[in-house]
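**Student:** Just dropping this structure here.
The values are calculated or read from the model by the stated rules, or taken from the named source; none is laboratory data. Predicted, not measured: the structure shown is a model, and the values here were computed from it. Note: ideal-geometry Cβ built from the backbone for every residue, glycine included; neighbour counts use all protein chains shown. Protein only, heavy atoms only, side chains kept; ligands, DNA and RNA dropped before computing areas. Shrake-Rupley method; radii C 1.70, N 1.55, O 1.52, S 1.80 Å.
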Amino acid sequence: MKIDGVPFRTIWRTADGRAVEVIDQTALPHAFRTKVLADAEQARAAIADMIVRGAPLIGATGAYGMALAAQADGSDAAVERAALRLAQARPTAINLRWAVERAKAAILAAAPADRAQAAWAEADAIAEEDVAPARPSAGMDWP
């Protein structure tokens, strides 16, 4: 989407790469606000409270929630807990469950020291796959 002529994605990593930012869709169309999601619980709340809407964005937010979880604690138990908690944010959201499970598999397949990096890479891939089909039809260059 373009805001004042500037293209925006609905979710992106913060400049330091340790959190994500989303467009707060509860404010639209009257105001444009963003919200930083700095941990898995904030990602879960963004999904549950409908700050993020639409199946692909909900899935990408879940995947980034898994990256935030792995960044905080990449142990098997913590990753499993985060996956369950995120999926419960919107139990009927198929894209959410799919993205969380995909991110979880990537995390658990990585060596413990590499789990956060693997999680971020998988979440980035999921988000990129979400916007790729829109590029040719929208004619936008995304940041």
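**Student:** From the set of residues in region 1-26 that are aliphatic (A, V, I, L, M) and open to solvent by less than 20 Å² (accessible area, probe 1.4 Å), which is farthest from A46 (Cα to Cα)?
**Tutor:** A19
**Student:** Output the qualifying pairs, or none if there are none: Cβ atoms under 9 angstrom, residues six or more apart or on different chains, first residue in region 29-42 and aromatic (F, W, Y), second residue open to solvent by 80 Å² or more (accessible area, probe 1.4 Å).
**Tutor:** So the pair list comes out as F32/D4.
**Student:** I need a count of the residues in region 68-83 that are touching a Lys or Arg at 6+ places or on another chain (Cβ under 9 Å) and either buried (at least 24 other Cβ atoms within 10 Å of the Cβ) or over 18 Å from A111 (Cβ atoms) (or both).
**Tutor:** 5
**Student:** Against the definition (assigned to a helix (DSSP H, G or I), over 16 Å from I126 (Cα atoms) and at pLDDT 95 or above), how does E101 come out, yes or no?
**Tutor:** Answer is no for this residue.
**Student:** Select, from R115, R90, the only residue that is open to solvent by less than 60 Å² (accessible area, probe 1.4 Å), at pLDDT 95 or above, closer than 16 Å to D39 by Cα and basic (K, R).
**Tutor:** R115 is the lone residue from the list that is open to solvent by less than 60 Å² (accessible area, probe 1.4 Å), at pLDDT 95 or above, closer than 16 Å to D39 by Cα and basic (K, R).
**Student:** Kindly provide the set of residues from region 47-67 that are touching a Ser or Thr at 6+ places or on another chain (Cβ under 7 Å) and either more than 11 Å from L96 (Cβ to Cβ) or not hydrophobic (A, V, I, L, M, F, W, C) (or both), ordered by number. Break it down into steps so the answer makes sense when it comes.
**Tutor:** First, pick out the residues of region 47-67 that are touching a Ser or Thr at 6+ places or on another chain (Cβ under 7 Å): 47, 50-52, 57.
Across region 47-67, the qualifying residues are M50, I51.
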